């Protein structure tokens, strides 16, 4: 009879632990979903701003040109109009470029913070400190010798 109650108590504690784990997982998931929704809203807002900027007419940039007269009746060639991208293509290109930049930045940060890089930096710093100390000692000795020479000359 005692073993049955003990087994029942263990099962109840196990069920309670699973319930607590499930609730914490659920709240964490809700927080992550809220963060993703906020990020998506921010991206939508930024995309709307970019579309408004794109729809705004851009004043043409007038660059000074040098003209060479090669003939009297030759009309100048018209410049081709720049290609306009569709909204979806522009958004896709913008997002891809951003993801590539973030990926390369993350790679650079991981590489810079690696143990190998930190050890190399530490080694170079120690070497530079030793070199600076040695240089300072040499300069100090030279200054002391010059001071002694001036003392001897004035005496």
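The values are calculated or read from the model by the stated rules, or taken from the named source; none is laboratory data. Since this is a predicted model, take the numbers as computed values, not measurements. No Cβ is skipped: glycine too gets one built from the backbone with ideal geometry, and neighbour counts run over all protein chains shown.
Restrict the check to segment 36-56 and report whether at least one residue is assigned to a loop (DSSP other than H, G, I, E, B) and at pLDDT below 95.
Yes - at least one qualifying residue is present in segment 36-56.
Among the residues of segment 93-132, how many are assigned to a helix (DSSP H, G or I) and under 16 Å from the mean Cα position of the chain (by Cα)?
Result for segment 93-132: 18.
When you scan segment 71-122, how many residues do you find that are surrounded by fewer than 10 Cβ atoms within 10 Å (Cβ to Cβ) and in contact with a helix residue (DSSP H, G or I) (Cβ under 8 Å, 6 or more places away or on another chain)?
0
Tell me whether segment 133-143 contains one or more residues that are farther than 30 Å from residue 53 by Cβ and under 37 Å from the mean Cα position of the chain (by Cα).
Yes, there is a match, as at least one residue in segment 133-143 is farther than 30 Å from residue 53 by Cβ and under 37 Å from the mean Cα position of the chain (by Cα).
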